[in-house]
Amino acid sequence: MSAVLEIQGLRKTYRSRRGVRRALDGFDMAVEAGQVHGFLGPNGSGKTTTLRTLLGLIKADGGRMSLLGRAVPQALPEVAGQVGAIVESPQFFGNFSARDTLSLLADAGGVPQSRVAEVLELVGLRDRAGERVKTYSLGLKQRLAVGSALLKNPRLLILDEPANGLDPGGIREMRTLMRTLAGSGMTVLLSSHILGEIQLICDSVTIISAGRRVAAGTVADVLARHATSAVRVRVESVADLTSSAGALREIGARVSVEPDHLVVGGIAQPGAITRTLAARGIYVSELAPVAVDLESVFLELTGTTPVEGEHRQVDQSTATPAVHGGWGQ
Ligand SMILES: Nc1ncnc2c1ncn2[C@@H]1O[C@H](COP(=O)(O)OP(=O)(O)OP(=O)(O)O)[C@@H](O)[C@H]1O
C-alpha cells in the first residue's frame, strides 16, 4: 500500500492579541490509497488546522507533508487537480439549481460538462437537479457540496464533518456515498466527531488530541489496542454499590459507579471481583465484559466526550466563496 497523504511532525502556533495557542504540536498522520480514513478529535484538537495547512490555506511553523507522493505546499499546483476538498463550507447561490451550480463550477475549473450529469447521479441529486438550491434541505446542500468537490474526479477527497447536522436518513445516505466513492478507488479522508459513523464507514482512523496523534491504524486495530478489560458488575442489592466500589478500589481496581451497576477496570482476573465482594457479604448477580467501541477509546485517549452539533454547517458558514484556493472545484 502507498500513502496518499503523509504528515510528519506538523507544528502550528496561532499568535493573536489574545495570546499564543499551539494548535499542532508535532502531529503525524498517514492515509493509505483506497481507504476511507476517519480523522477524529474533540473540538479544538487541531483537525481543521491540519486540513487547512495541508491544502495551503494557512502556513505551518514546521513539519513535513505530502499529498499523492509530492511534498506540499511546494507541489500544490501540480496535485491540486487530483484532490477535492471541502474544508470551509461553500456557499451556493440560492436561486441557482444544483445543475446550474455544478455547470458553472465545471466551466470555471475546465471540467467537461458531461461530468456534471455523472456527479449529479453519483451524489443522488439527479431527480432534484433542476430545483433551486434555496429549496434544498441541509442534506441536499451537503450532497451538492460533495458534488462540487467531485467534479474533477479527484484521487483524494477531503471532507471536514460531511455528516454534520444531518438527520439519520441523511447520515445513512452520506455513508453510502462515501463507500461508493471508496469502491471506485478514490481515497476519502473525513473528519468527524460522530464516532459511530466513523466506526461504520472507515477502514482506518487517526485520533488527534491537543495537536498530537494519540492513536492510528485500522478501526479494528485501534479498538483491539485500546480495549480495556473492563467488566460490568451488578450486585444483588443496589444499596451495596458504593461499598462494593470501595472494596474493589482497595485491591487496585478502577471503578466507576453507575446508577445500577459498576464498571470495573484494571483487574486481571474477574474472579478477584467475586471473591473480594463475597468476603464482604456482597453477592454478584452479573459479571459481563464491557464492549469496547470507538467512542470509549476516544474518551479514554482524549479525556473528552464528543459533543454533537457544535460545528459549522453548509448554510451557517460565513465564508462566501464557493471556490477555496482552487480546491474542490
Ligand atoms: N485563526 C485562529 N486564531 C487563533 N486560534 C485559532 C485559530 N484557529 C484555530 N485556533 C485554535 O487552535 C486550536 C485548534 O483549532 P481547530 O479549529 O484546528 O480544531 P478542530 O479540531 O478543527 O476543532 P472543531 O472540531 O471545534 O472544529 C483551538 O484551540 C482553536 O481555538
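Okay, residues lined up against (1) modelled with pLDDT under 85; (2) surrounded by 17 or more Cβ atoms within 10 Å (Cβ to Cβ); (3) closer than 30 Å to Val87 by Cα; (4) not assigned by TED's automatic domain parsing to the domain that holds Ala210:
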{"residue": "Val238", "(1), (2), (3), (4)": "no, no, no, yes"}
{"residue": "Leu241", "(1), (2), (3), (4)": "no, yes, no, yes"}
{"residue": "Val264", "(1), (2), (3), (4)": "no, yes, no, yes"}
{"residue": "Thr276", "(1), (2), (3), (4)": "no, yes, no, yes"}
{"residue": "Arg280", "(1), (2), (3), (4)": "no, no, no, yes"}
{"residue": "Val284", "(1), (2), (3), (4)": "no, yes, no, yes"}
{"residue": "Phe298", "(1), (2), (3), (4)": "yes, yes, yes, yes"}
{"residue": "Thr302", "(1), (2), (3), (4)": "yes, yes, yes, yes"}
{"residue": "Gln329", "(1), (2), (3), (4)": "yes, yes, yes, yes"}
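Among the residues of segment 9-21, which ones are touching a strand residue (DSSP E or B) at 6+ places or on another chain (Cβ under 6 Å) and either over 16 Å from Thr49 (Cβ atoms) or of a type in the set (D, E, K, R) (or both)?
Of everything in segment 9-21, those that are touching a strand residue (DSSP E or B) at 6+ places or on another chain (Cβ under 6 Å) and either over 16 Å from Thr49 (Cβ atoms) or of a type in the set (D, E, K, R) (or both) turn out to be Arg11, Lys12, Arg21.
From the list Val205, Val188, exactly one residue is in contact (Cβ under 8 Å) with a residue 40 or more places away in the chain, crowded, with 18+ Cβ neighbours inside 10 Å, away from the ligand (no atom under 16 Å from the Cβ) and not charged (D, E, K, R). Which is it?
From the options Val205, Val188, the qualifying one is Val188.
Before we move on, is Ser191 modelled with pLDDT of 85 or more and out of contact with any Ser or Thr (no Cβ under 8 Å at 6 or more places or on another chain)? Working first, answer last.
Numbers: modelled with pLDDT of 85 or more: yes; out of contact with any Ser or Thr (no Cβ under 8 Å at 6 or more places or on another chain): no.
Against the criterion (modelled with pLDDT of 85 or more and out of contact with any Ser or Thr (no Cβ under 8 Å at 6 or more places or on another chain)), Ser191 does not qualify.
If you take the residues in segment 104-117 that are surrounded by 14 or more Cβ atoms within 10 Å (Cβ to Cβ) and not aliphatic (A, V, I, L, M), which one is modelled with the lowest pLDDT?
Gly109
Pick from Leu10, Leu24, Leu40: which is within 14 Å of the ligand (Cβ to nearest atom), touching a His at 6+ places or on another chain (Cβ under 8 Å) and assigned by TED's automatic domain parsing to the domain that holds Pro162?
On the way: Leu10 fails: touching a His at 6+ places or on another chain (Cβ under 8 Å); Leu24 fails: touching a His at 6+ places or on another chain (Cβ under 8 Å).
Matching residue, one of Leu10, Leu24, Leu40: Leu40.
Suppose we filter Val133, Val123, Val83, Val79 for residues that are free of Cβ contacts under 8 Å to residues at least 24 places away in the same chain, under 28 Å from the mean Cα position of the chain (by Cα) and either crowded, with 18+ Cβ neighbours inside 10 Å or more than 30 Å from Met29 (Cβ to Cβ) (or both); which single one remains?
On the way: Val133 fails: free of Cβ contacts under 8 Å to residues at least 24 places away in the same chain; Val123 fails: free of Cβ contacts under 8 Å to residues at least 24 places away in the same chain; Val83 fails: free of Cβ contacts under 8 Å to residues at least 24 places away in the same chain.
Exactly one of Val133, Val123, Val83, Val79 is free of Cβ contacts under 8 Å to residues at least 24 places away in the same chain, under 28 Å from the mean Cα position of the chain (by Cα) and either crowded, with 18+ Cβ neighbours inside 10 Å or more than 30 Å from Met29 (Cβ to Cβ) (or both), namely Val79.
Using the structure shown, decide if Ser66 is of a type in the set (Gly, Ala, Ser) and modelled with pLDDT of 95 or more.
So Ser66 fits the description; yes.
Taking segment 265-303, which residues are in a loop (DSSP other than H, G, I, E, B) and not aliphatic (A, V, I, L, M)? Before you say what the answer is, go through the steps one by one.
Initial filter on segment 265-303 (in a loop (DSSP other than H, G, I, E, B)): 266-270, 280-283, 290-293, 303.
Within segment 265-303, Gly266, Gln269, Pro270, Arg280, Gly281, Tyr283, Asp293, Gly303 meet the criteria.
Scan segment 25-34 and tell me whether some residue there is on the phi > 0 side of the Ramachandran plot, among the small types (Gly, Ala, Ser) and part of a strand (DSSP E or B).
Yes, segment 25-34 contains a residue that is on the phi > 0 side of the Ramachandran plot, among the small types (Gly, Ala, Ser) and part of a strand (DSSP E or B).
Regarding segment 49-70, can at least one residue be identified that is within 16 Å of the ligand (Cβ to nearest atom), outside any strand (DSSP E or B) and on the phi > 0 side of the Ramachandran plot?
yes
Hey, any hits in segment 238-254 for a residue that's assigned to a strand (DSSP E or B), out of contact with any strand residue (DSSP E or B) (no Cβ under 6 Å at 6 or more places or on another chain) and among the aliphatic types (A, V, I, L, M)?
Residues of segment 238-254 that are assigned to a strand (DSSP E or B), as a first pass: 254.
After this cut, where a residue has to be out of contact with any strand residue (DSSP E or B) (no Cβ under 6 Å at 6 or more places or on another chain) as well, the list is none.
No, that holds for no residue.
The values are calculated or read from the model by the stated rules, or taken from the named source; none is laboratory data. Just so it is clear, the structure is predicted and the values come from calculations on it, not from any experiment. As a convention, Cβ positions derive from the backbone with ideal geometry for all residues, glycine included, and neighbour counts pool all protein chains shown.
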